[in-house]
1. Could we say that LYS119 is open to solvent by 10 Å² or more (accessible area, probe 1.4 Å), assigned to a helix (DSSP H, G or I), over 30 Å from LYS18 (Cα atoms) and in contact (Cβ under 8 Å) with a residue 24 or more places away in the chain here?
2. Please give the number of the condition LYS63 fails out of (1) in contact (Cβ under 8 Å) with a residue 40 or more places away in the chain; (2) open to solvent by 80 Å² or more (accessible area, probe 1.4 Å).
3. If you check every pair at least six apart or on different chains, which have Cβ atoms under 6 Å apart with a residue in segment 14-26 that is on the phi > 0 side of the Ramachandran plot first and a residue that is open to solvent by less than 90 Å² (accessible area, probe 1.4 Å) second?
4. Specify the residue that is nearest to LEU161 (Cα to Cα); the eligible residues are those in segment 85-114 that are open to solvent by less than 60 Å² (accessible area, probe 1.4 Å) and under 19 Å from the mean Cα position of the chain (by Cα).
5. Inside segment 188-215, can you point out the residues that are polar (S, T, N, Q) and either open to solvent by 10 Å² or more (accessible area, probe 1.4 Å) or in contact with a helix residue (DSSP H, G or I) (Cβ under 8 Å, 6 or more places away or on another chain) (or both)?
6. Is it the case, given these coordinates, that LYS73 is exposed (fewer than 14 other Cβ atoms within 10 Å of the Cβ), at positive phi and not in a strand (DSSP E or B)?
7. Quickly run through segment 132-187 and pick out the residues that are aromatic (Phe, Trp, Tyr) and open to solvent by 40 Å² or more (accessible area, probe 1.4 Å).
8. Could you tell me how many of the residues in segment 26-47 are crowded, with 19+ Cβ neighbours inside 10 Å and either part of a loop (DSSP other than H, G, I, E, B) or of a type in the set (S, T, N, Q) (or both)?
Amino acid sequence: MLEIKGLKKAFGSLEVLKGVDLKVNQGDVVAILGPSGSGKTTMLRCVNFLEHADGGSLIFDGKEYPFHNISKKDIAAIRQKTAFVFQNYNLFLNKTALHNVTEGLIIGRKMPKTRAEEKARAALEKVGMLDRADYYPHQLSGGQCQRVAIARALALKPDILCFDEPTSALDPELTGEVLKVIQSLADQETTMIIVTHEMAFARDVSSQVIFMDGGCILEQGTPEEVFENPKEERTKQFLSRFTNG
């Protein structure tokens, strides 16, 4: 479905991604782990062309695109099939939950307002937020805002859903409600790439675990392989606090 080949990215003299390769099949839930500064979020943002990569290519639905020389038309076509959920929700503060979800459908997909509202309400119901459809972000908790952001992504019917540390901005007691929604999506075989620091969640929900450090993928495998029998010393060191807890 999606394959990354030789992805490179530098910020000035700092090489953040050093030739990353990754393959995601339909129905996969790929959890990306690693310390701060390992390149996890940068990789995810490059895949969605929110960052301009310096090298490598993206293969999507059988077609190969060069990261460093891709047309705006091709970027728009890929974004029609992907959706991104940010750490800090990125909701419009002056719009209700419903209108935050319909915005992309009406503006981006040119969908009639009535149809967009039907789609938005269905997406809000899926994440347990239909009863808050007329609430503004300031009237919602952080967890509720993130669920609206997930509904906004789901309404677009993406082939791949990307999450960038979806619980990092939440208080611990609100984290569970967001993880429960993502778990339900995984149960429905939604294809997802999730950058997360929630180790137990990554172990339980993912079909493939990636461990990154220093701009490289050091280890990848099933949750059982990576969590229970990591091959790399750096992976063992990173996971030791979790496994010993």
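The values are calculated or read from the model by the stated rules, or taken from the named source; none is laboratory data. None of the values given here were measured: they were computed from a predicted structure. Because the Cβ atoms are built from the backbone with ideal geometry, glycine has one as well, and the counts that use them run over all protein chains shown. All accessible areas refer to the heavy atoms of the entire protein, side chains included, with ligands and DNA or RNA removed. Shrake-Rupley method; radii C 1.70, N 1.55, O 1.52, S 1.80 Å.
1. yes
2. (1)
3. Pairs that qualify, where the first residue is on the phi > 0 side of the Ramachandran plot and the partner is open to solvent by less than 90 Å² (accessible area, probe 1.4 Å), are GLY19/GLY6.
4. VAL85
5. GLN188, THR190, THR196, SER206, SER207, GLN208
6. Working: exposed (fewer than 14 other Cβ atoms within 10 Å of the Cβ): yes; at positive phi: no; not in a strand (DSSP E or B): yes.
Here the answer is no, as LYS73 does not meet what is asked.
7. So in segment 132-187, the residues aromatic (Phe, Trp, Tyr) come out as 135-136, 163.
Those that are aromatic (Phe, Trp, Tyr) and open to solvent by 40 Å² or more (accessible area, probe 1.4 Å): TYR135, TYR136.
8. Number of matching residues: 6.
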